């Protein structure tokens with residue numbers, strides 16, 4: 001027996017389709033943040049390790065909330081390596097080497113790319129079935145990334 005919620009399938013599919021690429025960008029940012037503390041040595045290594053641990057925990061929470069939001073209308077987020085590679089729009093792939101890279105600048109660029117992508121989604125979100133909820137969700141994500149970027153600039 002099929003139940004009908006009154007929500008048109010395209011109203012459910014669009015937000016899921018819009019958020020999947022951002023989900024993959026978040027995952028890329030998580031991986032880059034997770035490895036960022038490896039670039040530092042010396043007396044500040046312990047403090048920077050703790051800082052980046054807090055950052056990737058925040059991103060992990062963002063990932064969980066995005067997966068919950070995408071899954072809410074009975075859709076599953078895309079979870080395959082091919083879909084990750086095709087859908088990710090962030091600042092770039094993980095580099096093959098770790099020499100002469102500035103992880104803070106790289107992470108700032110990732111946050112900026114995600115913020116811009118989320119801002120591009122705001123007009124679409126305003127037309128979605130549950131426009132205010134989706135707009136609020138996107139604005140919360142933007143705020144989280146702006147806060148994390150500000151913390152990174154202080155490093």
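Listed values, structure above:
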{"item": "Förster radius 41 Å - calculated FRET efficiency between residue 120 and residue 46, Cβ distance, rounded to 0.05", "result": "0.60"}
{"item": "Separation between Cα centres of the range 21-43 and the range 135-152, rounded to whole Å", "result": "17"}
{"item": "Chain lengthening between residue 133 and residue 154 when straightened (0.36 nm per residue, less Cα-Cα)", "result": "4.3 nm"}
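Each reported figure results from applying straightforward, stated rules to the coordinates on display, with no laboratory input. Fair warning: this is a prediction, and the values are worked out from it, not measured in the lab. Note: ideal-geometry Cβ built from the backbone for every residue, glycine included; neighbour counts use all protein chains shown.
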